[in-house]
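Peer 1: Have a look at this one.
The values are calculated or read from the model by the stated rules, or taken from the named source; none is laboratory data. Since we're looking at a predicted model, the values are computed, not measured. For neighbour counting, all protein chains shown are included, and Cβ atoms are generated from backbone atoms with ideal geometry for every residue, glycine included. We work out accessible area using only protein heavy atoms, side chains counted, and drop any ligands, DNA or RNA first. Shrake-Rupley method; radii C 1.70, N 1.55, O 1.52, S 1.80 Å.
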Amino acid sequence: MKTALSIVALCLLVACSAASSCPGFSYSGSTAGPSVWGSLCPEYATCKTGENQSPVNFKLNNVVDTEDNVFDFTYRRAKDVDVTNANHIISATNNAASSFYFANDDFADYFDLKSVEVHTPSEHTIDGKALDAEIQFIHESEDGRVAIISYLVEKGGSCDLLSELEDDLPEDGETTTIASLTPLTPTSTYFLHYTGSLTSPPCTENVEWFVQEDPISCSSNQISKISKAAGKSARPVVSLKDRTVTRAVVSGASVLSSSLFVGLALALLCVLF
């Protein structure tokens, strides 16, 4: 009897494990690309059925100006940061106490920085134009709400931060550890704010997005290097539908002596080149 029960328990465990596992996804093709993410497994269904997905195209003439959307940053420099190259995405895990505060008419909360991702080309577009890369700082509040601060990257002046990290860029499927990253504050006062989702499976919604309106720049050589290292990692834009995009105003930004950054991703971008 005990043997029979053990076999049943084992079968249930295997069944549950199988039910919760999802196949790998990609950014192209008809078998695992963005067009079929929602059908790959039940956990990814929101990629297909979600009503408030990301990324989107920003039509600047339709952006609503408001003085109620304000936020500020307090970042601490991170040390011994793990950088991973997986699923065509370069990501880094933050281990320092870095956060930002946001408040508007709907809610107010603190969000702690959890990780950074670099995507090529940009996922969000402005007036129909995609830029060369996008750097996303992923934050989470105590109650599990996700907020992402994002920077679009275009070809221009050299991104010379953290040049000492260039040799630490991981190969595909590998992770390396970076000693530290130099902090950077926002380069613009205005961010485009809307509510959307994660841009990769499981495409979870109720994510607060803040995309800096003015892009940052890196050299064409640097951008080509990150493209070569990570490959294409941009989900196509989806319909904004009836959502409103507002301008959020940075009311303050500070970097403490032991801190990280609005520059982790920009630093990563430089590292990757």
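Peer 1: My understanding is that a pair violates if its Cα-Cα distance is over 24 Å; which of Lys129/Lys241; Lys59/Lys228; Lys59/Lys241; Lys129/Lys228; Lys155/Lys228; Lys155/Lys241 do that in this structure?
Peer 2: Details: Lys129/Lys241 19 Å; Lys59/Lys228 30 Å; Lys59/Lys241 13 Å; Lys129/Lys228 21 Å; Lys155/Lys228 15 Å; Lys155/Lys241 31 Å.
The pairs that break the limit, which is 24 Å between Cα atoms, are Lys59/Lys228; Lys155/Lys241.
Peer 1: Could you run the Karplus curve 6.51 cos²θ - 1.76 cosθ + 1.60 with θ = phi - 60° over the range 241-251 and give me ³J(HN,Hα) per residue in whole Hz, x for Gly and Pro?
Peer 2: Those phi angles translate into 6, 9, 6, 9, 9, 10, 8, 9, 9, 6, 8 Hz.
Peer 1: Turning to a different aspect of this structure: Order the following by accessible area, largest value first: Thr46, Thr120. Probe radius 1.4 Å; ligands, DNA and RNA are ignored.
Peer 2: Values: Thr46 45, Thr120 5 Å².
These residues rank, largest area first, as Thr46, Thr120.
Peer 1: On to the next question. From largest accessible area down, sort Arg243, Arg145; use a 1.4 Å probe on the protein chains. If you can, show how the numbers build up before the last one.
Peer 2: Working: Arg243 30, Arg145 60 Å².
The most accessible residue leads, giving Arg145, Arg243.
Peer 1: Where the only charges are on Cβ atoms (+1 Lys, Arg; -1 Asp, Glu), what is the dipole of the range 197-249 about its Cα centre, to the nearest 20 debye?
Peer 2: Numbers: 7 positive and 5 negative charges, 63 e Å.
With only Lys, Arg, Asp and Glu charged at Cβ, the dipole is about 300 debye.
Peer 1: I need the phi-derived Karplus couplings for the range 211-226: 6.51 cos²θ - 1.76 cosθ + 1.60, θ = phi - 60°, integer Hz, Gly and Pro marked x.
Peer 2: 10, 4, 5, 8, x, 9, 10, 9, 5, 4, 5, 5, 5, 5, 5, 5
Peer 1: What is the spin-label model distance, in nm, from Glu171 to Thr93 if the labels are put 7 Å beyond Cα along the C-beta direction?
Peer 2: 2.2
Peer 1: Now, a different point. Sorted by accessible area with a 1.4 angstrom probe, largest first, how do Thr189, Thr125, Thr84 fall?
Peer 2: Thr189, Thr84, Thr125
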